[in-house]
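Just below is one structure, and these are the notes that go with it.
The values are calculated or read from the model by the stated rules, or taken from the named source; none is laboratory data. No experiment lies behind these values; they were computed from the predicted model shown. Here the Cβ positions follow ideal geometry from the backbone for every residue, glycine too, while neighbour counts run over all protein chains shown. For accessibility, only protein heavy atoms count, side chains too; no ligands or nucleic acids. Shrake-Rupley method; radii C 1.70, N 1.55, O 1.52, S 1.80 Å.
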Amino acid sequence: MLPRRPPPPAPGPRGPRPAAPPLALLLLLALPHAAAAPAGPGEPKAPGPRLDTRPPRGLLQQAARAALHFLNFRAGSPSALRVLAAVQEGRALIYPNKGCKVDLVFTTEHYNLEEGKGHLGKCSAQVFFKNQKPRPAINVTCTRLIEKKKRQQEDYLLYKQMKQLKNPLDVVSLPDSHGHIDPSLRPMWDLAFLGSSYVMWEKTTQFLYYYLVQLSSVKQWKTDDDTIDFDYTVLLHEFSTQEIIPCRIHLVWYPGKPLKVKYHCQELQTPDEASGTEAPTEL
Ligand SMILES: *[C@@H]1O[C@H](CO)[C@@H](O)[C@H](O)[C@H]1NC(C)=O
């Protein structure tokens, strides 16, 4: 085949095109440079947020986990606990010196896998992480995993099982040393998970990620009123520091009512603070 010769530049209606105006050229040259250069001492700071259409995967996952802690707490429903399946898309607005706002879409699955096999829910969320500060601000909406009516029935069933629990104060740890949770104690574990979601949401930052490893003791389990009054200690694992943090949680739950939670976590102590004596905070 003969190489094709490119056609000659077509002349415009009034002869050859004029050269690009020098101003446009200058702007083109200046743009990439301006974006990369850090603001010098005398220059004004960049005013608005910067849009990142491909934020790091870790940031999106962190935002999804925070949104789920918040969602689980707000739903107040131990039969509808969700965990993250996968992040589908997301973008971030970076506010210099303030924090970042993540907009994302992710899928979830039922925490109790036997119940929710193959059932994926889809959520969209906006999560605002303030620099270094915990308790991100969150808006989240999800498609329903199970019908509202069915969920209410399941919650009520769990509630009745909880009311019939015998000697829950003897529980030493859940899961036990073999990683097992007795089926009769499962509702109690789910309720402990629900209360922990609130604590984990409040403690989450852009960089600190907590998950529940163990229910380590039950201080009180009262079911003589309508409500379930549950005072317990959990161990939370912080992923980036690998710290294990004991948190004492007191919750009051009744199906269909907002969950009430109070807690106190043992703070990580620096050597200086560790030498002082400090009274434990009353719950
Ligand atoms: C959540 O929604 C409210 C009302 O639309 C809005 O004012 C707030 O900024 C949103 N928060 C986040 C983190 O996007």
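Just a few scattered comments:
- For segment 164-176, the criterion of a residue being closer than 20 Å to SER197 by Cα, of a type in the set (Val, Ile, Thr) and either out of contact with any helix residue (DSSP H, G or I) (no Cβ under 8 Å at 6 or more places or on another chain) or more than 16 Å from the ligand (Cβ to nearest atom) (or both) is satisfied by no position.
- Residue match in segment 226-235 (condition: acidic (Asp, Glu) and surrounded by 13 or more Cβ atoms within 10 Å (Cβ to Cβ)): yes
- Taking the conditions (1) within 16 Å of the ligand (Cβ to nearest atom); (2) open to solvent by 70 Å² or more (accessible area, probe 1.4 Å); (3) closer than 15 Å to LEU71 by Cβ in turn, ARG144 satisfies each one other than (1).
- Taken together, LEU259, LEU212, LEU191 contain a single residue that is within 30 Å of LYS149 (Cβ to Cβ), of a type in the set (A, V, I, L, M), open to solvent by 20 Å² or more (accessible area, probe 1.4 Å) and at pLDDT 95 or above, which is LEU212.
- Screening segment 152-182 for residues that are modelled with pLDDT under 90 and touching a strand residue (DSSP E or B) at 6+ places or on another chain (Cβ under 6 Å) and picking the one that is farthest from TRP221 (Cα to Cα) gives VAL171.
- Single match in ALA63, ALA125 (criterion: open to solvent by less than 40 Å² (accessible area, probe 1.4 Å), within 13 Å of the ligand (Cβ to nearest atom), in contact (Cβ under 8 Å) with a residue 24 or more places away in the chain and not in a strand (DSSP E or B)): ALA63
- Only one of the numbered conditions (1) surrounded by 14 or more Cβ atoms within 10 Å (Cβ to Cβ); (2) without any contact (Cβ under 8 Å) to a residue 12 or more places away in the chain is not met by LYS160, and that is (1).
- Residues that are open to solvent by 60 Å² or more (accessible area, probe 1.4 Å) and not in a loop (DSSP other than H, G, I, E, B) were ranked within segment 147-157; the one that is farthest from the ligand (Cβ to nearest atom) is LEU157.
- Number of residues in segment 35-60 that are at pLDDT 90 or above and not in a loop (DSSP other than H, G, I, E, B) equals 7.
- Hits in segment 72-101 (condition: in a helix (DSSP H, G or I) and buried (at least 23 other Cβ atoms within 10 Å of the Cβ)): ASN72, PRO78, SER79, ALA80
- Conditions (1) free of Cβ contacts under 8 Å to residues at least 24 places away in the same chain; (2) in contact with a Pro (Cβ under 7 Å, 6 or more places away or on another chain); (3) under 15 Å from PHE230 (Cα atoms): number failed by LEU194: (1)
- Test: residue in segment 244-252 that is out of contact with any Gly (no Cβ under 6 Å at 6 or more places or on another chain), surrounded by 15 or more Cβ atoms within 10 Å (Cβ to Cβ) and either in a loop (DSSP other than H, G, I, E, B) or at pLDDT below 95 (or both): no
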